[in-house]
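The values are calculated or read from the model by the stated rules, or taken from the named source; none is laboratory data. As the structure is a computational prediction, the values presented were derived from the model and not from experiment. So basically every Cβ, Gly included, is an ideal-geometry build from the backbone, and we count neighbours across all protein chains shown. Side chains are part of the model used for accessible areas, which takes the heavy atoms of the whole protein and leaves out ligands, DNA and RNA. Shrake-Rupley method; radii C 1.70, N 1.55, O 1.52, S 1.80 Å.
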Amino acid sequence: MAKIRTGRVGEQIKKELSVLIQSELKDPRIGFITVTGVEVTGDLSQAKVYLSVFGEQEQKDNSLKALEKANGFLRSELGKRIRFRHVPELIFKIDESIAYGSRIEKLLGDIGSDKNESQ
């Protein structure tokens, strides 16, 4: 039963954070960010927020720093929008799975094109 609740809370946090980051944050360091997932602990005290950032490593680092700076604002806005008794601590992490998947896809495409050329 608790797993279902943490899943629902995670999805709600993901939805609200996406809106907040895109519309409310005015920090110029924040680039094009997509919230790819949120994992909430069983006691709802922490939420790991996985982000996909478009750009080079420097852009990713700058965006992460800006989000860490805006952590208090994001938590207070989440508390207003979702009405938690205790808003979870937000821990931001860069999600490399999309870049990894596109790299694998490119490698597979290169293998396929090499195979066609050799025939």
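Observations on the model:
- Each pair of Cα atoms in region 30-90 enters the Kirkwood radius, and Stokes-Einstein at 10 °C and 1.306 mPa s then converts it into a translational diffusion coefficient of 127 µm²/s.
- Among the chymotrypsin sites (Phe, Trp or Tyr not before Pro) in region 45-75, those located in a DSSP loop and surrounded by at most 16 other Cβ atoms within 10 Å of their own Cβ are Phe54.
- Cleavage-rule hits, GluC sites (Glu not before Pro), region 1-63, DSSP coil, Cβ neighbours within 10 Å at most 16: Glu24, Glu56
- When Leu74, Leu44, Leu107 are compared by accessible area of protein heavy atoms, the largest-first order is Leu107, Leu44, Leu74, using a 1.4 Å probe.
- For the chain, the Cβ-based charge dipole about the Cα centre amounts to some 780 debye (Lys, Arg positive; Asp, Glu negative; other atoms uncharged).
- Each 5 Å bin, from zero up to the one with the longest distance, holds this percent of the alpha carbon pairs of region 51-119: 3, 14, 15, 13, 13, 11, 9, 7, 5, 4, 3, 2, 1, 0.
- Sites Glu105 and Ser18, calculated FRET efficiency, Cβ-Cβ separation with R0 25 Å, nearest 0.05: 0.50
- Of all beta bridges that DSSP places with both ends in the chain, some 55 percent have antiparallel geometry.
- Relative counts (whole %) of C-alpha pair distances in the chain, using bins that are 10 Å wide: 13, 38, 25, 13, 7, 3, 0
- Helix 97-118 vs. the chain, principal-axis angle (Cα, 0 to 90°, nearest 10): 10
- Against the chain, whose longest principal axis comes from its Cα atoms, helix 2-23 is set at around 80 degrees.
- When you filter the trypsin sites (Lys or Arg not before Pro) in region 5-100 for DSSP loop state and at most 16 other Cβ atoms inside 10 Å of their Cβ, you are left with Lys26, Arg29, Arg83, Arg85.
- The length gained by stretching the chain between Arg75 and Lys93 to full extension, at 0.36 nm per residue less their Cα-Cα distance, is 4.9 nm.
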